[in-house]
Amino acid sequence: MPRNRTASKSATKFLVFPVVTLILAQMGTSGDNGALAIATSALTTQLHANMASIQLSNMMYPLIAGSFMVAGGFIGTLFGWKRTFRVGAALCAIGELISALSPNIDVFNWGGRTFVGLGASLLIPSVLGLIPKIYEGKHRALAFGCVGAAAGGFSSFLPLALGIVMGLSGFRVVYGVLSAYFIMLLLLSLRLPRISKTEVNHKFDVLGVTLAAIGFFLVLFGLSRISAWGLLEAFPQAPFTVFGLSPAIPLVIIGAIVLVVLGVVEKGVEERNGVALLPQSFLKTPQVLAGLYAWLITFLFLGVQGILMGPYLQLVAGWSPAKVGVISVLSGLPTILVAIGLPKLLPNANPKRVIQLGYIVMIVALFIRSFSITLHSAIEWLVFVGTIVTGIGVGLINSQASNVVALAVNERDASQSGGVQGVARNIGQALGVGILGAVLLFGITANVGNAVRNSPVISSDVASAVTSKSITLVGDEEFEKEIADVGATPEEKTELVRINAEQRYNVTRSAYVVAAAIVAFGLFTTRGITKFGEAAEQDERSER
């Protein structure tokens, strides 16, 4: 395949404008989530949203984006990456405008959130698809590192800026600003360099897109509902049961079966046409799978932040939202420095060793975080140290993950891999929230129940009343409100508060250990990373 002019040029000179545009695109898709996180109160008061509607708002974007992300990668291959990028930016702009003008929460969710999710499903794969077309060699590694920094570092600053706008002007102005942001991005894309378009003689794969959307939707939806519907035993709020069990895991299983069928179907499509929605190289190349797992792990940390660290600091330690917001900055800065600086200063670094080091650093960070919490508070300096170490680990992995995938496959599949990498991110975040949320929910409820039943201070009637409740991660004052109706004496109430604090502390630390185990599994996947840059390959051979 002939090399295009831009790729040849980038071999001698790093093109700054394209990577800045791609960074802004990555920041924009992440910034939308940040805007929603700070708009919860405004949506409740101005659009009269209840907690179920707010929960749906948080789910819509990752569900829609994750479900259609693979299709977005395929669309880019068929119709060109710059065109797909522009359509994605336009859809995001429309979605943000709908959000800004929404008369009620239903329009906000089903209109604004849906459009933004669809736009992101095209925009994110395009960001990763354009890099192999524009950059080569060490410049490609640096470009991937810059985008990785945007995914895990630069984006942490947007919520702070949007929070200032929110405080001054309200949520509608914030979403109006985001709409203008994506319009600006659309205009910037007009100046992206010319790239060669892969010739593909294949029609749009309706069956494949349908199977991918259904399969990934069910998997992501099921994972995200574990903490709300139950892992095995169905909670009362579950909409239905499957033979008395929670529907969350059955949805994940059905989704996985649909994805297996998708793999079989797409294998035949690729054999007939030479191109498919889900190329076999994504499924059968260990290095690709290792790179995807790396992205899954870095976004799993978003789940850790959202379900473990943030709630504990606010609900138990009494930290303000602004103080908790500092954590995102403290993790974002080292992520930026490492993700961009490493490819720049050490362009021939062995990506396998870098990712392995990143996993080890992330495991250390999780243990630091587990030791930073106390029964009723947190050790402030240790929280900050753990946060900084987290950013270093994420930066190490983000600097290499996309390049590892691109090095393992041909140029066409490397460009198309953005969709699968986007899905890996969404699955990682869903796993973080689903699995760790389940550990917290079930662990605290079960452990408190056992401790209450075995306590000589608490009567059987009070113990029975307490164990009938679903106890979550809450502070002491909120817990006292929850047990106000169990008929406990002052002595029993004091004992119940002590038991809850102790088990809350123990289970939260156990959840960090579970997260560390998930990260540690990534070390085994790195054995599949065998293709490097030329200098790194020489170093690998010399080590052997």
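The values are calculated or read from the model by the stated rules, or taken from the named source; none is laboratory data. Given the structure is predicted, the values throughout are model-derived calculations rather than measurements. Cβ atoms come from the backbone with ideal geometry, glycine included; neighbour counts cover every protein chain shown. Note: areas computed on protein heavy atoms with side chains; ligands, DNA, RNA excluded. Shrake-Rupley method; radii C 1.70, N 1.55, O 1.52, S 1.80 Å.
Here are the numbers for this structure:
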| item | result |
| --- | --- |
| Only one of Leu278, Leu333, Leu283, Leu366 that is assigned to a loop (DSSP other than H, G, I, E, B), within 22 Å of the chain's Cα centre (by Cα) and among the hydrophobic types (A, V, I, L, M, F, W, C) | Leu278 |
| Failed condition for Trp319, given (1) touching a Leu at 6+ places or on another chain (Cβ under 6 Å); (2) crowded, with 23+ Cβ neighbours inside 10 Å | (2) |
| Any helices (runs of 4 or more DSSP H) falling wholly within segment 6-122 and containing at least 1 residues that are modelled with pLDDT under 80, within 24 Å of Gly255 (Cβ to Cβ) and under 20 Å from the mean Cα position of the chain (by Cα) | 16-38, 51-79 |
| Meets criteria (hydroxyl-bearing (Ser, Thr, Tyr) and open to solvent by 50 Å² or more (accessible area, probe 1.4 Å)) for Ser455 | no |
| Filter result for Asn403 (open to solvent by 20 Å² or more (accessible area, probe 1.4 Å), under 19 Å from Pro351 (Cα atoms) and of a type outside the set (Asp, Glu)) | no |
| Spans of helices (runs of 4 or more DSSP H) in segment 404-512 with at least 3 residues modelled with pLDDT under 85, within 34 Å of the chain's Cα centre (by Cα) and among the charged types (D, E, K, R) | 411-416, 476-482 |
| Of all residues making up segment 315-374, the number that are of a type in the set (D, E, K, R) and touching a helix residue (DSSP H, G or I) at 6+ places or on another chain (Cβ under 7 Å) | 3 |
| Subset of segment 227-247 [in a helix (DSSP H, G or I) and in contact (Cβ under 8 Å) with a residue 60 or more places away in the chain] | Ser227, Ala228 |
| Search result, residues across segment 200-216 that are open to solvent by 20 Å² or more (accessible area, probe 1.4 Å) and at pLDDT 85 or above | Thr210, Leu211, Ile214 |
| Matching residues in segment 357-373 - criterion: being open to solvent by 40 Å² or more (accessible area, probe 1.4 Å) and under 25 Å from Gly528 (Cα atoms) | Leu357, Ile360, Val364 |
| Within segment 76-92, tally of residues that are free of Cβ contacts under 8 Å to residues at least 60 places away in the same chain, more than 10 Å from Ala120 (Cα to Cα) and surrounded by 21 or more Cβ atoms within 10 Å (Cβ to Cβ) | 1 |
